[in-house]
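Worksheet: the structure to be examined is printed underneath.
The values are calculated or read from the model by the stated rules, or taken from the named source; none is laboratory data. This is a predicted model, so every value here is computed, not measured. Here the Cβ positions follow ideal geometry from the backbone for every residue, glycine too, while neighbour counts run over all protein chains shown. We work out accessible area using only protein heavy atoms, side chains counted, and drop any ligands, DNA or RNA first. Shrake-Rupley method; radii C 1.70, N 1.55, O 1.52, S 1.80 Å.
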Amino acid sequence: MRRIRVAAVGAATLSLALTVTACGGSSGSGSNEKPKTLTYWASNQGASIEVDKKVLQPELDKFEKETGIKVKLEVVPWADLLNRILTATTSGQGPDVLNIGNTWSASLQSTGALLPFDAKNFEAIGGKDRFVESALGSTGVQSQDPAAVPLYSMAYGLYYNKKMFKDAGIAQPPTTWDEVIAAGKKLRKDGKWGIGVEGSNLSNNIHQVFVLGKQNGADFFTADGKADFTSDAAVTAVKQYVDLMATHKIVAPGNAEYSQNQSLSDFSKDKTGMVLWQSASATFKSQGMNDDEWGVVPAPVLSGKPGAGAQTNSMVAGINMAVFKNTKNLNGALKFVKFMTSDQEQVHLNKTYGSIPPVKTAQSDPAFDSPALKVLRDTLASSAAALPQVPEESQFETVVGTAVKELFAEAAAGRPVTTESVKAKLEAAQQQMPKK
């Protein structure tokens with residue numbers, strides 16, 4: 001099972017202020033010729049890397065036919081993506097164009113490696129006003145030109161297996177965490193489990209504990225950007241998440257090792273009755289699950305209904321598209337970004353991946369009016385919050401995500417997860433953050 005290289009990520013994150021050497025993998029046949037090749041790192045959006053290649057390659061071929069520019073594609077697993085990008089910002093061995101998790105925007109912006117989307121660059125791709133405002137809110141520090149542009153928008157929902165719910169006698173999908181636990185205990189029988197997690201997926205760990213933090217009154221950063229991982233509310237949030245395995249035992253111990261869509265596979269194979277995920281429908285379909293076999297409702301809150309503040313039930317999820325500043329083919333890179341964010345491609349790609357276009361005009365396509373996508377659109381509009389857009393955000397994902405991973409490992413091994421042990425892990429994580 002692939003594991004993220006934590007030490008390398010930490011070292012790269014700590015050297016964000018280093019001078020960035022030349023990046024970009026495009027090449028031409030002579031010094032006076034414009035390069036005719038771009039390199040593109042795409043994030044793994046589908047059920048597998050091979051699925052993504054099948055989705056993306058025809059679109060890249062279409063772009064080459066239109067422009068004469070060939071795009072060399074590499075789909076990078078999420079467990080490796082942040083480390084690969086951070087290494088590229090300091091080594092100079094990077095692509096021309098890449099996908100980034102939108103939560104990393106401010107951290108990668110602080111390296112100086114990414115092309116700022118100023119007025120001129122936005123004009124080159126069709127204009128800033130084409131994009132939904134909430135999606136632009138996760139493209140970097142608000143006082144600076146964005147370091148990327150939105151590509152796919154997503155939100156978390158609670159997916160449930162209809163057959164497993166019926167067999168367990170559960171009439172309605174849960175809306176609160178107490179109801180999730182009660183349903184999970186009913187589902188846990190005959191080798192089946194209540195809810196799936198990805199205990200070794202650092203980014204997913206952060207997404208879940210950030211939302212639980214909001215529900216419990218924690219933000220993990222102070223208003224002036226200082227790390228604040230050890231508050232009572234933060235400790236409560238992390239323990240609440242890990243307790244799904246440690247205390248309530250509705251998560252299979254093997255989930256502590258999951259890092260790349262394994263929880264979705266279990267759900268599709270009727271091994272797990274629920275999963276919290278962002279825009280999972282395309283993955284279910286690719287694994288042989290029909291649309292009528294699952295349902296989705298807003299992710300749970302402590303009580304009541306999702307909304308703002310303590311009723312936040314999702315982070316503002318999504319994928320952004322960035323350009324390395326030192327690409328040798330800037331015009332070609334901007335043409336490619338314009339192509340990928342065009343209405344036609346936005347409809348096609350977001351429809352395929354079950355996500356929501358961050359381009360306003362593309363959202364009007366009937367494909368995005370399905371009941372499942374309406375849940376996610378409503379969540380983005382009314383009950384989702386952006387992760388802190390601070391330069392240290394990617395390191396937050398690494399150190400706190402790793403703390404959660406280690407706590408899941410403790411729970412899987414049958415060792416107790418206590419308030420004290422959670423706080424100790426978070427204190428150790430906070431010690432790894434830059435001092436301000």
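Before we move on, is VAL323 open to solvent by less than 10 Å² (accessible area, probe 1.4 Å) and at pLDDT 95 or above?
yes
Give region 283-299 a look and list any residue that's in a loop (DSSP other than H, G, I, E, B) and either of a type in the set (Ser, Thr, Tyr) or under 22 Å from the mean Cα position of the chain (by Cα) (or both), or say none. Outline the logic, then answer.
Of the residues in region 283-299, the ones in a loop (DSSP other than H, G, I, E, B) are 287-290, 299.
Within region 283-299, GLN287, ALA299 qualify.
Starting from residues that are of a type outside the set (A, V, I, L, M) and open to solvent by 60 Å² or more (accessible area, probe 1.4 Å), keep the ones in region 326-342 and report whichever is farthest from ALA386 (Cα to Cα).
Filtering region 326-342 for residues that are of a type outside the set (A, V, I, L, M) and open to solvent by 60 Å² or more (accessible area, probe 1.4 Å), the one farthest from ALA386 (Cα to Cα) comes out as LYS328.
Of the residues PHE117, PHE122, which is part of a helix (DSSP H, G or I) and over 30 Å from LEU264 (Cβ atoms)?
After applying the criteria, what remains is PHE122.
For LYS163, are the conditions met, namely being open to solvent by 30 Å² or more (accessible area, probe 1.4 Å), touching a helix residue (DSSP H, G or I) at 6+ places or on another chain (Cβ under 7 Å), at pLDDT 95 or above and assigned to a helix (DSSP H, G or I)?
In short, yes.
For region 160-175, does any single residue satisfy the condition of being touching a residue at least 60 places away in the same chain (Cβ under 8 Å) and among the acidic types (Asp, Glu)?
Checking region 160-175: not a single residue is touching a residue at least 60 places away in the same chain (Cβ under 8 Å) and among the acidic types (Asp, Glu).
Between a first residue in region 413-436 that is touching a residue at least 40 places away in the same chain (Cβ under 8 Å) and a second residue that is outside any loop (DSSP other than H, G, I, E, B) and open to solvent by 50 Å² or more (accessible area, probe 1.4 Å), which pairs have beta carbons less than 6 Å apart while being 6 or more apart in sequence or on different chains?
If the second residue must be outside any loop (DSSP other than H, G, I, E, B) and open to solvent by 50 Å² or more (accessible area, probe 1.4 Å), the pairs left are VAL417/GLU410.
In region 160-213, which residues are touching a strand residue (DSSP E or B) at 6+ places or on another chain (Cβ under 6 Å) and more than 23 Å from SER281 (Cα to Cα)?
Once the filter is applied, which keeps residues that are touching a strand residue (DSSP E or B) at 6+ places or on another chain (Cβ under 6 Å) and more than 23 Å from SER281 (Cα to Cα), region 160-213 yields ARG188, PHE210.
Looking at region 383-405, which of its residues are more than 16 Å from the chain's Cα centre (by Cα), open to solvent by 10 Å² or more (accessible area, probe 1.4 Å) and not β-branched (Val, Ile, Thr)?
PRO391, GLU392, LYS405
Going by the conditions given, is ALA182 in a helix (DSSP H, G or I) and either touching a Ser or Thr at 6+ places or on another chain (Cβ under 6 Å) or surrounded by fewer than 17 Cβ atoms within 10 Å (Cβ to Cβ) (or both)?
Here the answer is yes, as ALA182 does meet what is asked.
Do any residues in region 331-360 that are of a type in the set (Val, Ile, Thr) have Cβ atoms under 8 Å from those of residues that are crowded, with 24+ Cβ neighbours inside 10 Å and in a helix (DSSP H, G or I), where the two are at least six apart or on different chains, and which pairs are they?
Partner pairs satisfying both residue conditions: VAL347/ALA362; ILE356/ASN350; ILE356/LEU376; VAL359/GLN346.
Where in region 34-111 are the helices (runs of 4 or more DSSP H), entirely inside, with at least 3 residues that are touching a Lys or Arg at 6+ places or on another chain (Cβ under 9 Å) and not charged (D, E, K, R)?
Working: elements: 49-67, 78-91, 105-109.
In region 34-111, 49-67 are the helices (runs of 4 or more DSSP H) which contain 3 or more residues that are touching a Lys or Arg at 6+ places or on another chain (Cβ under 9 Å) and not charged (D, E, K, R).
What tally of residues in region 205-247 results from selecting those that are more than 20 Å from ALA308 (Cα to Cα) and touching a Pro at 6+ places or on another chain (Cβ under 8 Å)?
Within region 205-247, residues that are more than 20 Å from ALA308 (Cα to Cα) and touching a Pro at 6+ places or on another chain (Cβ under 8 Å) number 3.
Just give me the residues in region 299-318 being buried (at least 23 other Cβ atoms within 10 Å of the Cβ), closer than 23 Å to PRO358 by Cα and not hydroxyl-bearing (Ser, Thr, Tyr), in sequence order.
ALA299, ASN313, MET315, ALA317, GLY318
Which count do you get for residues in region 245-262 that are closer than 20 Å to GLY101 by Cα and either open to solvent by 10 Å² or more (accessible area, probe 1.4 Å) or at pLDDT 95 or above (or both)?
4
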